[in-house]
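K.L.:
One structure is given below, represented as structure tokens, and several questions about it will come after.
Each reported figure results from applying straightforward, stated rules to the coordinates on display, with no laboratory input. Just so we're clear, the structure is a prediction, and the values are computed from it rather than from any experiment. For neighbour counting, all protein chains shown are included, and Cβ atoms are generated from backbone atoms with ideal geometry for every residue, glycine included.
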Amino acid sequence: MGRPANVADLDLSAAGIELADHGGVKVNEHLQTTAENVYAVGDVAASPAPKLTPVAGFEGQYVVDVLTGRTTAAIVYPPTPHTVFAGPELSQVGVSLDQAQAAPEQYRVVTQKLGNWYTYNRIQDKTAQVSVITNQNDGVIVGAVVLATDAEELINYFTEMIAEKHTTDDLKKWIPVYPSVASDLSYLYE
């Protein structure tokens, strides 16, 4: 996912910077390279995060915070959604369907067609569907997959729910603007 690191012509070894096995710049949990006072972020860093533009910005801000003394903690990545922009879009965040299906004792998957939701009925998207992945033990939302027109919008709500450790019951405790995709979320667990 993202772009491959383009470091072939940089002669990084002359600066004491090592490459990871797959070609990116080797970094530690603070995004420091093997050369003192040199950091790497974004596509070039061999970090565990997906190589996406918003991740590069997040990593860049983290390095600024390290360099200015605002943090000494290791980087912690928030849930990071990604989307395949096609017709319809396919978006995913958190625990994947494959991961959840491989561990049914740990995860519950609820898949629902969205064509009857107000938003998707209005725009005639009959193929729309969402799979929501929750922890079996506490109902906390840990993943979501959306196949729909504007899936990139709906997945952002799930990203926030995962980051804030919301349960499916929490969906019943808020009143969003109507009509909107957000207001449609209440249909998930009726």
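K.L.:
Determine which aspartates and glutamates satisfy two conditions relative to residue 26: a Cα distance under 18 Å, and not lying fewer than 8 residues away in the same chain.
P.N.:
In chain and number order, the partners are 9, 11, 18, 36, 43, 59.
K.L.:
Counting alpha carbon pairs within less than 8 Å and at least 6 residues apart, what relative contact order, in whole percent, applies to the stretch 82-187?
P.N.:
Taking the mean separation of contacting Cα pairs over the length of the stretch 82-187, I get 28 percent.
K.L.:
Taking 8 Å as the Cα distance limit and 6 or more residues as the minimum spacing, I'd like the relative contact order of the chain as a percentage.
P.N.:
It comes to 15 percent, rounded to a whole number.
K.L.:
Compute the orientation-averaged projected area for the stretch 82-187 from the convex hull of its Cα atoms and round it to one decimal in nm².
P.N.:
The directionally averaged projection comes out at 6.2 nm².
K.L.:
Counting other Cβ atoms within 10 Å of each Cβ, which GluC sites (Glu not before Pro) in the stretch 19-82 have at most 10 and sit in a DSSP loop?
P.N.:
36
K.L.:
Using only Cα atoms, find the angle between the long axis of helix 151-163 and the longest principal axis of the chain, and express it within 0 to 90 degrees, rounded to the nearest 10.
P.N.:
70
K.L.:
Report, by chain and number, residues whose modeled amide H sits under 5 Å from the one on residue 38, excluding near sequence neighbours (fewer than 5 apart, same chain).
P.N.:
Sorted by chain and number, the residues that satisfy this are 33.
K.L.:
Using the 10 angstrom Cβ neighbour count as an exposure proxy, how do 3, 122, 108 rank, fewest first?
P.N.:
So the ranking, lowest neighbour count to highest, is 122, 3, 108.
K.L.:
Give the cross-link partners of residue 165 among the lysines, using a straight C-alpha distance below 21 Å as the criterion and excluding same-chain residues fewer than 8 apart.
P.N.:
Leaving aside lysines fewer than 8 places away in the same chain, those within reach of residue 165 are 173.
K.L.:
Give me 58, 85, 158 sorted ascending by neighbouring Cβ count inside 10 Å, so fewest comes first.
P.N.:
85, 58, 158
K.L.:
Note down the net charge around residue 67, summing +1 for each Lys or Arg and -1 for each Asp or Glu among other residues with Cβ under 15 Å from its Cβ.
P.N.:
-2
K.L.:
If a/c stays under 1.5 just call it rounded; otherwise compare a/b with b/c (prolate if a/b is bigger, oblate if not). Do that for the chain, with a ≥ b ≥ c from the square roots of the Cα gyration tensor eigenvalues.
P.N.:
prolate
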